[in-house]
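Novice: Have a look at this one before I ask anything.
Taken together, the values in this text are just the output of simple stated rules run on the coordinates, not laboratory data. Quick caveat, the model's predicted, so the values are computed rather than measured. Here the Cβ positions follow ideal geometry from the backbone for every residue, glycine too, while neighbour counts run over all protein chains shown.
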Amino acid sequence: MTGAQWSEAFLEMMASERAAAANTLIAYRRDLADAQEFLAKQSGRDLASASEADVEAYFASLGVRGLAPATAARRRAAIRQFYRFVVTEGWRNDDPARRVEAPRRGRPLPKVLSRDEVERLIAAATAKDGAGGLRLGAMVELLYASGLRISELVALPLGAVAGERAFLMVKGKGGKERLAPLNGPALAAVEAYLPVRPRHFAKGVKASPWLFPSRGRTGRLTARRFGQLLGEAAISAGIDPSKVSPHVLRHAFATHLLEGGADLRVVQTLLGHADIATTQIYTHLTQDRLREVMETRHPLAAHQPTAQSGRPFG
């Protein structure tokens, strides 16, 4: 079997046995193809015949190609998982990626909007004229109220808001379902949007299964288009658009919940995180915020020792 055939078998396993999401499979396919191309150019080998030195050279190349750190890390992880699968299947006796060290990198803290910035962003979104403004306003309210991923938001079926509507039924990563809360403002925004929803149907279309349809090829608003609209709303709100993205609203949802005293396990469930370690990153943000408030708002702040003074805070 060739490296390409091994890759297909690996992706099939990820889909059937681990229920990997479609976006994950697309990313892994791209990662494996990138490694195949590199190996072919560098040594004339492929993933099936690569040596430890070949894999080390590929990993090293990721650090000098200008890739985002997250992308480079995912590609290393994809290759490591691939070779573990290959060894398990008995196609190779050795794992050429096992001893190759990946560079350590700190996990960056996510960007977060303040409550005031979120309110201004929502106001700017809903201020847009007509059906477009009602749709954008409902989407922004839903993201902030429920902590949805953008992929989950644009894939919401119309039936997701049926019934009591106190919660949304969301299908997340790996096809796992969870309940996402709907607060009063989000519910009101959805109620205001639903009557104008048919205006977003393509010409000749009389019905759509999607909560947020569009006239585009997919029949629903795309994540990319929503990101563009969100950026325009940020500019209207006087917020740097580089600070704003759909995922930033998810971060704001989690951080503001924790600042309000929510339990970390509850936030983990609401976000759909499989591992609580992923959720714990938000505790760093809330701690930083508390430190900032103490240092800038406390009446004796000018006399308080800070981390910059070389003495521990608190």
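Novice: Suppose the chain between ASN23 and ASP116 were pulled fully straight at 0.36 nm per residue; how much longer would it get relative to their current alpha carbon spacing? Numbers along the way, then the final one.
Specialist: Working: separation 93, 0.36 × 93 = 33.48 nm, distance 3.31 nm.
Gain on extension, ASN23 to ASP116, equals 30.2 nm.
Novice: Per residue of the range 184-194, what does 6.51 cos²θ - 1.76 cosθ + 1.60 with θ = phi - 60° give for ³J(HN,Hα)? Whole Hz please, x for Gly and Pro, Karplus curve as stated.
Specialist: x, x, 5, 4, 5, 5, 5, 4, 5, 6, 4
Novice: Given a Förster distance of 41 Å, report the FRET efficiency between ARG98 and GLU259 from their Cβ-Cβ distance, rounded to the nearest 0.05. Intermediate values should be presented prior to the final figure.
Specialist: Numbers: r = 42 Å, r/R0 = 1.03.
With a Förster radius of 41 Å, E is 0.45.
Novice: Right, another one. What nm value, rounded to one decimal, do you get for the distance between HIS273 and VAL205 when each label is placed 7 Å out toward the C-beta?
Specialist: 3.5
Novice: If packing is taken as the mean number of other Cβ atoms within 10 Å per residue, what is the order of 266-279, 71-84, highest first? Before the final figure, lay out each step's value.
Specialist: On the way: 266-279: 15.6, 71-84: 19.2.
Going by the mean number of other Cβ atoms within 10 Å, highest first, we get 71-84, 266-279.
Novice: Counting alpha carbon pairs within less than 8 Å and at least 6 residues apart, what relative contact order, in whole percent, applies to the range 3-89?
Specialist: Values: 47 pairs, mean separation 30.0, N = 87.
Answer for the range 3-89 is 35 percent.
Novice: Taking the alpha-carbon distance from LYS243 and a cut-off under 16 Å, which lysines remain once sequence neighbours fewer than 8 residues away in the same chain are dropped?
Specialist: Once the sequence-local lysines are set aside, what remains near LYS243 is LYS111.
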